[in-house]
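Only the coordinates and a few stated rules stand behind these numbers; no lab work does. Everything quoted here is computed from the prediction, not taken from an experiment. Quick reminder, even Gly has a Cβ in these numbers, built from the backbone with ideal geometry, and neighbours come from all protein chains shown.
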Amino acid sequence: MITQWPAIEMEEVTDRTELAAAAKQREQFDRNSAWLQQHIAEIYAKYRGRCICVAGEDVFVADTAAQAAELAMAAHPEDEGWFTRYIPKEKVARIYAVRR
C-alpha cells in the first residue's frame, strides 16, 4: 500500500511553438481516433490477441505495442498523433471500476 504519494509538479506552457506542436499532435490523434471508431468492428474482429497502432488513418499490427508503433512511425513519420491498443483475444464484457 502506498503511504506517501509522489509530488505532482505542474507548469503553465505559454511558448507558442510548443502550444502549436501540441495542438497539431492532438488534431492528428483525434483524426486517428475517429478513423479507428469508423473501422473498429472489422479491426477488432480481425486482430484479436494482437497489438495495433493507428497512424495516418491506417492500422499497423504486431505482437507488441512497440513493434506496432515502430511500423506506424516508419510508414507515417510526420504523424505524431499515433496511439497503440491491445485487442483482447476474447470478446467478453469487461467491468472497469476504481476501488477507494
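Couple of notes before you dig in:
- Straightening the chain between D15 and T64 buys 14.1 nm, computed as 0.36 nm per residue apart minus the Cα-Cα spacing.
- Net charge, V59 excluded, C-beta distance under 12 Å - Lys, Arg +1, Asp, Glu -1: 0
- Going from the residue with the fewest nearby Cβ atoms within 10 Å to the one with the most, I52, I8, I40 rank I8, I40, I52.
- Exposure proxy shown here: for W35, W5, the number of other Cβ atoms within 10 Å sets the order, fewest to most, as W5, W35.
- Value at 222 nm in deg cm²/dmol, rounded to 500, when DSSP H runs of n ≥ 4 in the chain each add -39,500 (n - 2.57): -14500 deg cm²/dmol
- In the distance distribution for the chain, Cα-Cα pairs more than 22 Å apart total 48 percent.
- Straight-distance crosslink candidates among aspartates and glutamates, where the alpha carbon sits under 15 Å from K91 and sequence neighbours closer than 8 are dropped: E42
- Each peptide in 63-76, 85-98 was scored by the mean count of other Cβ atoms within 10 Å over its residues; highest first, the order is 63-76, 85-98.
- By the count of neighbouring beta-carbon atoms within 10 Å, fewest first, V13, V61 end up ordered V13, V61.
- Residues of type aspartates and glutamates that K46 reaches as a straight line, Cα spacing below 16 Å, ignoring anything fewer than 8 places off in the same chain: D58, D63, E90
- Rounded to the nearest 20 debye, the dipole magnitude of the stretch 48-100 is 740 debye, with +1 charges on Lys and Arg beta carbons, -1 on Asp and Glu beta carbons, and the Cα centre as origin.
- Calculated over the stretch 48-100: convex hull of Cα atoms, volume per residue (Å³): 107
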